[in-house]
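Colleague: Below is a structure I'd like to ask you about.
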Amino acid sequence: MAITFTHALDHVAIAADDTDQLIKWYNRMLGLIVLAQTEPQEPSRQRTYLIGPAAHEDAHGGMMLEIMPRNEHVRRPRDSHDPGISHVAWCVTDFDAAYAHLAARGVGFVGAVVQAVGGGRLISFVDCEGNLMQIVERSRG
């Protein structure tokens, strides 16, 4: 018997220097809201958050980021093709509007709009802590 999946990835986790600052950035840039959170936890005294699009309203809608406090290890610089998870890609319904929204807020785009593997368009950008993100619009054919 094969595993049956839902239509969405539940979440991707980012270990952040400052969880509060990072969720504010995602709220301002992508409109993501807090769907669930913990109380501050030792040793960092920071909260862990689940954030996602407002349309989901709770932590059962999928397409979420978990923003958690990082450990004491130093963040190593990485390039997009270094081993490990490279980026998170957010599927949007209107690429041009999403691009204009991000550009108006001064997001740090990386490169130009390119053809997405499998069809459509995408562009990469970095969040305030240097994590690589993308918006992607899939072409239907």
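Each value in this text was obtained by applying a stated rule to the coordinates, not by laboratory testing. Fair warning: this is a prediction, and the values are worked out from it, not measured in the lab. Reconstructed Cβ throughout: ideal geometry from the backbone, glycine too, with neighbour counts over all protein chains shown.
Colleague: Part of a strand (DSSP E or B), touching a strand residue (DSSP E or B) at 6+ places or on another chain (Cβ under 8 Å) and either without any contact (Cβ under 8 Å) to a residue 40 or more places away in the chain or surrounded by fewer than 12 Cβ atoms within 10 Å (Cβ to Cβ) (or both) - does that describe any residue in segment 40-47?
Modeller: Yes.
Colleague: Kindly indicate whether any position in segment 8-27 is of a type outside the set (Gly, Ala, Ser), surrounded by fewer than 12 Cβ atoms within 10 Å (Cβ to Cβ) and not in a helix (DSSP H, G or I).
Modeller: Yes: segment 8-27 contains one or more residues that are of a type outside the set (Gly, Ala, Ser), surrounded by fewer than 12 Cβ atoms within 10 Å (Cβ to Cβ) and not in a helix (DSSP H, G or I).
Colleague: For segment 101-122, how many residues are in a loop (DSSP other than H, G, I, E, B) and at positive phi? Show your work before the answer.
Modeller: We begin by selecting, within segment 101-122, every residue in a loop (DSSP other than H, G, I, E, B); these are 105-107, 116-120.
Narrowing further to those that are at positive phi: 106, 118-120.
So the count comes out to 4.
Colleague: Right, next: Kindly indicate the residue of segment 90-135 that is touching a residue at least 40 places away in the same chain (Cβ under 8 Å) and β-branched (Val, Ile, Thr) and also farthest from Leu22 (Cα to Cα) among those meeting that condition.
Modeller: Checking each candidate, the answer is Thr93.
Colleague: Let me ask you something else. What's the number of the only condition in (1) of a type in the set (Gly, Ala, Ser); (2) under 16 Å from the mean Cα position of the chain (by Cα); (3) crowded, with 16+ Cβ neighbours inside 10 Å; (4) outside any helix (DSSP H, G or I) that Ala98 fails to meet?
Modeller: Looking at each condition in turn, Ala98 falls short on (4).
Colleague: Assess whether Asn71 counts as being of a type in the set (S, T, N, Q), out of contact with any Cys (no Cβ under 8 Å at 6 or more places or on another chain) and closer than 18 Å to Leu30 by Cα.
Modeller: Details: of a type in the set (S, T, N, Q): yes; out of contact with any Cys (no Cβ under 8 Å at 6 or more places or on another chain): yes; closer than 18 Å to Leu30 by Cα: no.
When the stated conditions are applied, Asn71 does not pass them.
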